[in-house]
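A short worksheet on the structure shown next.
Bear in mind that the values in this text are calculations on the coordinates, not laboratory data. The model shown is predicted, which means the values in this text are computed figures rather than measured ones. Cβ: placed from backbone, ideal geometry, glycine included. Neighbour counts: every protein chain shown.
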Amino acid sequence: MQSVQLDKKKHDRKAFDCGVEALNNYLKLMANQHSTKDNSRTYVIKDDDNKIIGFYTLAMVNVDLQLLPKEKQTKHAKSMQAGLIARLAVDKGYAKRGHGKWLLVDALLKLLKASDIVAFPMIVVDAKDGVEDFYAQFGFTAFSDEEHKLYISVADVRKSFGS
């Protein structure tokens, strides 16, 4: 499997349905516009008919260090930026086959490469209601003020990949 950047001319966005209307609409209506404006990048995995199996969107985000544990505040006192996994979804027809995990790992690897170039200390995810446990199993921790917003340090991600 390989992720590719969303191409509205090649990828059938209309058929995608993950069961969450906000995610469906983002892919169908906003993802390409955000990419064109350099606000984010959306990557997809697809089947042989160019039907989208799943997608994720990457961007950068400002982080309020006061919402992190004290040791993270001290360690990253000069950092305000983080890589962001803004969206991640799998079509219902492909659910429960490991595609969500594959997409998350692919997104983390892309963000690790980006952090080698521009340096940022953490990765943030905006988890939709009910999927926080999915991210927690990979080491993400909730911010103190928002249970749906989670983070993991780039250093921890590097360790998990053995690099």
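A few points about this structure:
- The modelled label-to-label distance for the pair LEU112/LYS128, using points 7 Å beyond Cα in the direction of Cβ, is 2.7 nm.
- Too-long pairs where the Cα-Cα distance tops 18 Å, listed order kept, from LYS51/LYS113; LYS92/LYS113; LYS51/LYS110; LYS46/LYS149; LYS28/LYS92; LYS46/LYS159: LYS51/LYS113; LYS92/LYS113; LYS51/LYS110; LYS46/LYS149; LYS46/LYS159
- Principal-axis tilt of helix 99-118 within the chain, Cα atoms, nearest 10 degrees: 50
- Note, ³J(HN,Hα) from phi for region 48-61, Karplus 6.51, -1.76, 1.60, rounded to Hz, x at Gly and Pro: 5, 9, 6, 6, 6, 7, x, 8, 9, 10, 10, 7, 10, 8
- Size check on the chain: the Cα extents along the three principal axes, sorted descending, read 49, 30, 30 Å.
- Considering only GluC sites (Glu not before Pro) in DSSP loops that have at most 16 other Cβ atoms within 10 Å, the longest stretch of the chain without any of them is 1-145.
- About its Cα centre, the chain has a charge dipole of approximately 460 debye under the convention of +1 per Lys or Arg Cβ and -1 per Asp or Glu Cβ, with nothing else charged.
- Secondary-structure-derived ellipticity at 222 nm for the chain, considering helices only, amounts to -8000 deg cm²/dmol, per-run term -39500 (n - 2.57) for DSSP H runs with n ≥ 4.
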